[in-house]
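Have a look at the structure below before the remarks.
The values are calculated or read from the model by the stated rules, or taken from the named source; none is laboratory data. Everything numeric here is computed off the predicted structure, so don't read it as measured data. All Cβ positions, even for glycine, are placed from backbone atoms using ideal geometry, and neighbour counts span all protein chains on display.
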Amino acid sequence: MATKIFVNLPVKDLQRSVRFFKGLGFSYDPQLSDDSTACIAISDSIFAMLLTETKFREIVRRPIADTSRTTEILTCLSVESRASVNWLVDKALAQGGQEVREPEDHGVMFGRSFSDLDGHIWEIITMSSDAVA
């Protein structure tokens, strides 16, 4: 069986966060969702598990990071092209996400970053085939 990743994120408003991620073109998986958890399929092997803060506290039993003051996670997704980077980040910004920093162009790698509605930082990058090799 192929390895999959499930990134668990606390959210303040579950339905608002689901709308945000669906607006980025990701799909909602009702089989792995309930009133306190929503599964967002980013790809066949990458999933964001959005949990209400109450549900998240039941699992981790530690304080939830205040994303207005600290960074608890930096999730980086690789996409196929510079246009895809710009499309995805522009969609996030149009839906209330915040740009984290200026775009970075390193020749073989281009990337942009945004924070989602709950302050979780997402980096979206593309790399040339030379960089991957």
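At-a-glance table
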quantity	calculated
Which numbered condition Phe110 misses (of (1) closer than 16 Å to Gly25 by Cβ; (2) surrounded by 18 or more Cβ atoms within 10 Å (Cβ to Cβ))	(1)
Test set (1) in the same structural domain as Gly111 (by TED's automatic domain parsing); (2) out of contact with any helix residue (DSSP H, G or I) (no Cβ under 9 Å at 6 or more places or on another chain); (3) among the basic types (Lys, Arg) - Lys91 fails condition number	(2)
Residue list for segment 20-46, restricted to those being in contact (Cβ under 8 Å) with a residue 60 or more places away in the chain and surrounded by fewer than 14 Cβ atoms within 10 Å (Cβ to Cβ)	Gly25
Residue match in segment 89-97 (condition: more than 14 Å from Glu123 (Cα to Cα) and modelled with pLDDT under 95)	no
Complete set of residues in segment 24-49 that are small (Gly, Ala, Ser) and either under 12 Å from the mean Cα position of the chain (by Cα) or farther than 25 Å from Asp66 by Cβ (or both)	Gly25, Ser27, Ser33, Ala41, Ser43, Ser45, Ala48
Out of Glu123, Glu80, Glu58, sole residue that is within 22 Å of Thr3 (Cβ to Cβ) and loosely packed, with under 12 Cβ neighbours inside 10 Å	Glu80
Test result for Arg82, assigned by TED's automatic domain parsing to the domain that holds Glu123 and free of Cβ contacts under 8 Å to residues at least 60 places away in the same chain	yes
